[in-house]
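Working notes, structure below.
Nothing in this text is a laboratory measurement; each read-out follows from the coordinates by a stated rule. These numbers were taken from a predicted model, which means no experiment stands behind them. Ideal geometry is used to build each Cβ from the backbone, glycine not excepted, and the neighbour counts take in all protein chains shown.
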Amino acid sequence: MLDILDTAGQEEYSAMRDQYMRTGQGFILTYAVTSRQSFDEASSVFREQILRVKDADKVPMVLCGNKCDLENQRQVTKAEAETVSKGWGVPFFETSALARINVEDAFYALVREIKKENTTKKTNVKKGKGGCKLL
């Protein structure tokens, strides 16, 4: 089951956002391709906040550029976002909620990332690379 939280425009709920980040297993960092500011926030502020709150170097996430149907208003290139996502090692999608482009694919990719992370954790525990041990 996925619990979907949209925090867009809700800066006053930052403490609540931290709690969701603490308990969330994966995240879709979404920005508008028509807004440089939203890209900058998603690609730095929110990602760093998630990693800090989770106390991790890597967390299952997907980078998602929404409003790709508004090509004539674009402020963020697809190539720029692809470079960022490759640097993070996460999937990237350009989507349009309005035109229903790639929205499901982004969620499926997130679920795959979460499953991959959970499988890695289980494997590491079995190999003695993590988990609890009693001495």
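Structural remarks
- Residue exposure sequence - Glu80, Glu113 - by fewest surrounding Cβ within 10 Å: Glu80, Glu113
- Counting charges near Ala106 (Lys, Arg +1; Asp, Glu -1) among other residues having Cβ under 12 Å from its Cβ returns a value of -2.
- Region 52-126 - Rg over Rh from alpha carbon coordinates, Kirkwood radius: 1.06
- Beta bridges per DSSP, both residues in region 14-109: antiparallel share near 10 percent.
- Remark: relative contact order (region 14-109) = 29 percent; criterion is Cα-Cα distance under 8 angstrom and separation of 6 or more residues.
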